[in-house]
Amino acid sequence: MKEKILIANRGEIAIRIAEACQDLGLDFVMVYTPADEDSEHVRRYLDSKSTKNKAWRISSYTDSNEILSIADYTKCTAIHPGYGFFSEDFRFARRVTIRNRPLIFIGPKWEVIRDLGDKINTKRVANKLGIPTIPGTDAPIYNEMEAEAIAEHIFEKQKIQEIAEPSVLVKAAAGGGGMGIEEVHQLEQFRRVYRQIQNYAKRQFGDGGVLIEQCLRDYNHLEVQLVCSRHGERVYFGTRNCTIQSTGRQKRVEAAPGFDSSCFPYDFNPQEVLDKIVKYSLKLASHVKYDNVGTWEWIVARDGSPYLLEVNTRIQVENDVSARISYLKKKHPNLIREQIRLALGDKMGYSQKKIKFKGACIEFRVVAEDTRRGFLPWIGTISRFNFPQHEWSAVYTHVPFTRPYVIPSDYDPNLALAIVWGANVDEVKERGRRFLNEIIIEGKNGKGEPILTNIPYLKDNIDNLLKF
Amino acid sequence: MKDTYINEILEKYRADPFGYIDSHTIHTGRIRFFVKKDEEVSGLSGEWHHIPGTKLYSLHREGNEKPTFSKSSGIVSSIRNDLEGKFVEAGEKVITIRYPLKKREIIEEILRQVLAPFKAPERAKYFFSLDVQSRIEKFGQRSVMVRPGDEILTMSLMKRDTPIYYQGEPGIIHSVYFQQGITVEQDEPLLGICPADKLPVIQKVITRVKAEWE
């Protein structure tokens, strides 16, 4: 392959993409903002005095002109958006591929992102195909009176169903990754929350559209990892469970497989439910001619009823959780490598039958935050950063191990993704505990107070995995 | 505030009555300069500041030409001629303009010592709260009174919005030191609040600088 990839992202995912490019023998270029100058995704590749410099400073990760000008100047032929930023922006994907100097967008085709990247449209398409979705609006609401009337209707419906603590969710329609979502317990609170979310949505996403949905309780949040090619091949790499999330609905612990009977006496047949959500996910993927990696997000109620939440038309942070329970020719696949290869036009080269699932895996998102104060981000300087090394674990991070690192306040304070895997859920839980106990992170904030991380929270939640 | 302190500051500015403005490229692109070293440049002018200053350089990116104009009248004290015609990254320092300080700037600097500063609790981006923003738009900044407990700002930190409540003496928002959406360092002043009893001191500073600074 002679393609050259521009990595339009930051942090650990930028490093993982760079390594995947190296594995495939592809040249690549990084971009970075001044706030990220000390990050490993920059330091490893910055050599400004050399003609082989691979890291270029831009004003923002969300300025498409910046990305494209660097891509043209460095003669890149493809753009990998990673996750977040432009990864689910169909306009960006369209602009990348339709221009005087067209580039390859490493992700689904822009038409597919348009159809599925928007959760409202996804809901509409899913409803047409008979795939269950969460009760609520399937179009963005811009009018406060209309929004309140819908919320009132959803509250009344829950009252009729005798739901103990009825509530509705107000979501920024253009949001994602758990950002811009608030829960309302009483209709009287609705207008205030609606205005707050609308204001947030306008500022963060440039669109004040809001979705209103019933807030389901007592559920598990599952994901189905699909990998598809430009040649109509579609396979899945198992299911994941990401029910343990911060108050801001950001994932913190994720495990695979999605359910395991050793963890909880489910009121339903877990394998049947997992098979059902995989079947529905593949049905929707086939309908929209999905052609790259993607994650189908599901809510499964205590009685086993699944509801499609949304589709993430990009590589997911937790892609490696799926890879660590999957085997292709007796080896764990690398889904980022698969994503790049398939986006560049390769055929898959294997079928579903060749993918074997074995064992279990947990991923911990290690974040500098105060979990006791609403997961409040912690900013300061890290002075010591050490992770254990085992043959059953992996760590992905942009934080340097050998020098102090100031956490930039412009982005999430994610420090690392720590993955452990094993033969079964019990073994992997035990390994997870041991791994978390061996992590050393030291640092101080501007007031001299020691660093706060979510490691105690992660430990506390290991036993809650895969439970209702 | 003591007269000696004002004297001290005025002396400092008399010794070097110039300000320096560094111009950094706002984005990537191919650069073309329109001025030379030691050349005199003019800043914004016109009754409504509608006439742009001297064109300093332009950046060509994605088929678009983005010119940068001088914001202040002065002299080009340094310029990166070695970059002419080359592709530059964002944030590259390319030109420095030296300009004579204005009375307003000196007054503002002295007032920083007089006004009660409301400091940034964290390194973050700040926005006025919806209520304060609408009051500023309606009545003007210096007519907005703030009291302890008022929600005055929204702190945007790591994609999270947190309301910031005012703590300190009641007063009017006299000076705003931050730009909405631009990151401010921790403990940097965001606002200069003027309590009612300090209005005579402020008037005194303004009169003194106006009288003594040519």
Review point. Has the stretch A:290-313 got any residue that is assigned to a helix (DSSP H, G or I), modelled with pLDDT of 95 or more and either within 14 Å of the chain's Cα centre (by Cα) or polar (S, T, N, Q) (or both)?
Key: no
Exercise for review: Go through the stretch A:1-37 and give me each residue that's surrounded by fewer than 18 Cβ atoms within 10 Å (Cβ to Cβ) and either closer than 16 Å to A:Asp72 by Cα or of a type in the set (D, E, K, R) (or both).
Suggested key: A:Lys2, A:Lys4, A:Glu19, A:Asp23, A:Asp27, A:Glu37
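Go through the stretch B:157-185 and report how many residues are within 20 Å of the chain's Cα centre (by Cα) and closer than 28 Å to A:Ile197 by Cβ.
Within the stretch B:157-185, residues that are within 20 Å of the chain's Cα centre (by Cα) and closer than 28 Å to A:Ile197 by Cβ number 9.
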Revision key, fill the gap. Those residues of the stretch A:301-323 which are of a type in the set (A, V, I, L, M) and either out of contact with any Phe, Trp or Tyr (no Cβ under 9 Å at 6 or more places or on another chain) or within 21 Å of A:Asn121 (Cα to Cα) (or both) amount to A:Leu308, A:Leu309, A:Val311, A:Ile315
Point to revise | Those residues of the stretch A:391-403 which are within 23 Å of A:Ala20 (Cα to Cα) and either part of a strand (DSSP E or B) or open to solvent by 40 Å² or more (accessible area, probe 1.4 Å) (or both), in sequence order | key: A:Glu391, A:Ser393, A:Ala394, A:Val395, A:Tyr396, A:Thr397, A:Phe401
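Residue under question is B:Ser129, and the condition is that it be among the small types (Gly, Ala, Ser), closer than 30 Å to A:Tyr200 by Cβ, within 14 Å of another protein chain (Cβ to nearest Cβ) and surrounded by fewer than 16 Cβ atoms within 10 Å (Cβ to Cβ); does it hold?
Considered against the rule, which asks whether it is among the small types (Gly, Ala, Ser), closer than 30 Å to A:Tyr200 by Cβ, within 14 Å of another protein chain (Cβ to nearest Cβ) and surrounded by fewer than 16 Cβ atoms within 10 Å (Cβ to Cβ), B:Ser129 comes out as no.
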**Study point:** A:Arg203 being over 30 Å from A:Trp296 (Cβ atoms) and within 14 Å of chain B (Cβ to nearest Cβ)
**Key:** no
**Study point:** Hits in the stretch A:27-45 - residues which are without any contact (Cβ under 8 Å) to a residue 60 or more places away in the chain and in contact with a Phe, Trp or Tyr (Cβ under 8 Å, 6 or more places away or on another chain)
**Key:** A:Val29, A:Met30, A:Val31, A:Tyr32, A:Val42
Exercise for review: Among the candidates A:Ile419, A:Ile441, A:Ile382, single out the residue that is more than 14 Å from chain B (Cβ to nearest Cβ) and in contact with an Asp or Glu (Cβ under 6 Å, 6 or more places away or on another chain).
Suggested key: A:Ile419
Study note, to complete from the structure: Flagged in the stretch A:336-376 as under 25 Å from A:Val428 (Cα atoms), open to solvent by less than 30 Å² (accessible area, probe 1.4 Å) and in a helix (DSSP H, G or I), in numbering order, are A:Ile336
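So, in the stretch A:274-289, how many residues would count as being crowded, with 19+ Cβ neighbours inside 10 Å and part of a helix (DSSP H, G or I)?
Residues meeting the conditions: 8.
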Check your understanding: Right, B:Glu8: open to solvent by 80 Å² or more (accessible area, probe 1.4 Å), away from every other protein chain (no Cβ under 14 Å), within 30 Å of B:Gln203 (Cβ to Cβ) and not in a helix (DSSP H, G or I) or not?
Key -> no
Review point. Out of all the residues in the stretch A:245-260, is one or more surrounded by fewer than 20 Cβ atoms within 10 Å (Cβ to Cβ) and in a strand (DSSP E or B)?
Key: yes
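The values are calculated or read from the model by the stated rules, or taken from the named source; none is laboratory data. Worth saying up front: this structure is predicted, and the values here are computed from it rather than measured. All Cβ positions, glycine included, derive from the backbone under ideal geometry; neighbour counts span all protein chains shown. Surface areas here come from the heavy atoms of the whole protein model, side chains and all, with no ligands, DNA or RNA. Shrake-Rupley method; radii C 1.70, N 1.55, O 1.52, S 1.80 Å.
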